[in-house]
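The values are calculated or read from the model by the stated rules, or taken from the named source; none is laboratory data. Computed from a prediction, not measured in an experiment: that's the story for all the values here. Note: ideal-geometry Cβ built from the backbone for every residue, glycine included; neighbour counts use all protein chains shown.
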Amino acid sequence: MTFNSLSIHLLPVFVFVLSTVGVDAGAANPSYGLQDDYYRHSCPSAESVVRRVVMGNVTVVDNRKFAAGLLRLSFHDCFVEGCDASVLLYGPGTEKTAPVNKFLQSLEILDKAKQELEKICPGVVSCADILQYAARDGVIALNGSSWKVQGGRRDGRVSRAESAEKEIPSQDFDLDGLTASFKRKGLSRDQMVILSGAHTSAAGHCENLVRRLYNFNSTHATDPSIPAAYAAELKATCPRKTFNDTVFITMDAVSAFFDAGYYVTLEEHKGVFTSDQILFDDHRTRPLVKTLTDYKLFEKKFHQAMRAMAAIGVKLYDGEIRKDCRFINSY
Ligand code: HEM
């Protein structure tokens with residue numbers, strides 16, 4: 001039995017016997033126990049290696065989706081068990097197998113970065129940190145600007161599909177549902193609106209739009225808040241029951257680049273999911289959405305909010321530095 005397959009078999013055991021601390025703690029303060037330039041002494045090229053691998057694997061023209069995939073991974077990791085790379089673990093019943101994680105991508109890019117780092121600094125750089133550096137670099141690949149990403153997270157040993165289903169907010173949530181979900185992680189409603197701006201380079205699959213287009217509620221088959229022409233466009237792209245997973249809808253009608261186009265799209269009532277359009281339609285968040293159409297402001301606020309999200313429930317002393325991002329270490 002190889003090391004990796006041994007790890008898969010042991011995973012369910014560790015899932016139940018090992019506990020983690022502070023799953024939801026420390027989210028509000030981005031500097032909680034983490035540091036900028038964390039690897040400056042222990043592995044000085046850590047961040048540049050991740051940057052090089054990301055840039056070598058994603059280009060704006062061909063591979064927007066891989067850069068966006070990295071950014072989404074950071075959200076799906078941090079909201080479940082904290083930012084501890086639990087989303088990367090393979091095996092039966094892990095977070096990756098949850099329906100909400102069906103369309104996650106770009107894990108191979110993280111594997112490559114980890115493999116390179118293990119050659120030069122074995123056992124030093126955590127997968128959780130690599131993931132956060134790569135999310136930032138994905139934004140840069142999409143022509144967005146850089147920000148300082150803190151390091152010092154250790155990797156978790158627990159990953160459960162049901163936790164992902166419980167903690168990741170649904171695209172069908174209203175404003176109260178979204179706000180409550182972010183509040184549980186120590187993030188404010190404003191931070192939720194700002195982080196949703198990550199959808200500026202995002203795309204969604206028809207499967208996640210079925211309810212809004214064909215099965216909305218008892219009085220309306222289609223969400224009446226979607227302008228008729230746009231609803232017809234969406235239905236043409238996602239015909240009832242005959243769509244497939246290779247089709248996707250861009251969530252920013254303005255451009256595929258990292259910009260403020262997402263918020264302009266919401267002003268035009270072309271938000272793809274309920275959870276997008278509600279940010280403009282609800283009077284409580286509309287003023288902020290309007291403000292964020294100013295890219296310079298959005299970019300500054302987005303960087304701050306990403307630092308806050310990347311500090312959710314981090315493991316500073318427990319956990320481990322995985323050798324392979326897909327499997328917990330065996331002892
Ligand atoms: C506010 C609650 C959120 C909800 C309900 C939500 C929901 C979704 C959904 C349904 C998709 C499309 C999945 C698919 O059909 O393939 C998606 C894509 C995406 N989301 Fe979110 N999201 C939220 C917040 C965030 C946050 C906070 C980030 C990152 C900071 C983020 C980053 C992305 C990215 C980059 C994609 C595109 C991924 C790709 O193309 O592979 N989302 N999101």
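Before moving on, here are some points about what is shown:
- Residue list for the range 256-281, restricted to those being in contact with a helix residue (DSSP H, G or I) (Cβ under 7 Å, 6 or more places away or on another chain), crowded, with 17+ Cβ neighbours inside 10 Å and not hydrophobic (A, V, I, L, M, F, W, C): Asp259, Gly261, Tyr262, Tyr263, Lys270, Gly271, Thr274, Ser275, Asp276, Gln277
- Within the range 147-171, the set of residues being more than 17 Å from the chain's Cα centre (by Cα) and over 17 Å from His76 (Cβ atoms) comprises Lys148, Gly151, Gly152, Arg154, Arg157.
- Here Gly123, Gly144 are screened, and the one residue that is within 16 Å of the ligand (Cβ to nearest atom) and either touching a Gly at 6+ places or on another chain (Cβ under 9 Å) or not basic (Lys, Arg) (or both) is Gly144.
- Within the range 244-302, considering residues that are of a type in the set (Asp, Glu) and over 21 Å from the mean Cα position of the chain (by Cα), the one farthest from Asp223 (Cα to Cα): Asp294
- Flag if Leu107 is touching a residue at least 24 places away in the same chain (Cβ under 8 Å), surrounded by 22 or more Cβ atoms within 10 Å (Cβ to Cβ) and over 15 Å from Ala46 (Cβ atoms): no
- Ala161 vs. criteria buried (at least 19 other Cβ atoms within 10 Å of the Cβ) and among the aliphatic types (A, V, I, L, M): no
- In the range 173-189, the residues that are part of a helix (DSSP H, G or I) and hydroxyl-bearing (Ser, Thr, Tyr) reach residues that are surrounded by 14 or more Cβ atoms within 10 Å (Cβ to Cβ) and modelled with pLDDT of 95 or more with C-beta atoms within less than 6 angstrom, at least six apart or across chains, in these pairs: Thr179/Arg189; Ser181/Pro169.
- Candidate set: the range 85-117, residues that are within 14 Å of the chain's Cα centre (by Cα) and not in a helix (DSSP H, G or I); chosen: the one nearest to the ligand (Cβ to nearest atom): Phe103
- Single residue of the range 304-318 satisfying the filter (in a loop (DSSP other than H, G, I, E, B) and under 24 Å from Phe182 (Cα atoms)) that is farthest from the ligand (Cβ to nearest atom): Leu316
- Residue in the range 60-80 that is at pLDDT 95 or above, within 14 Å of the chain's Cα centre (by Cα) and outside any helix (DSSP H, G or I) present: yes
- Subset tally (residues that are surrounded by fewer than 16 Cβ atoms within 10 Å (Cβ to Cβ) and within 11 Å of the ligand (Cβ to nearest atom)) for the range 175-206: 1
- Given (1) under 21 Å from Gly319 (Cβ atoms); (2) assigned to a helix (DSSP H, G or I); (3) in contact (Cβ under 8 Å) with a residue 60 or more places away in the chain, number of the condition Val124 does not satisfy: (2)
- Hey, Lys301 in a helix (DSSP H, G or I), more than 16 Å from the ligand (Cβ to nearest atom), farther than 27 Å from Ser159 by Cα and touching a helix residue (DSSP H, G or I) at 6+ places or on another chain (Cβ under 8 Å) or not: no
- For the range 55-84, filtering for residues that are among the hydroxyl-bearing types (Ser, Thr, Tyr) and within 13 Å of the ligand (Cβ to nearest atom) leaves 1.
- Here Ala141 meets each of (1) touching a strand residue (DSSP E or B) at 6+ places or on another chain (Cβ under 8 Å); (2) at pLDDT below 95 with one exception, condition (1).
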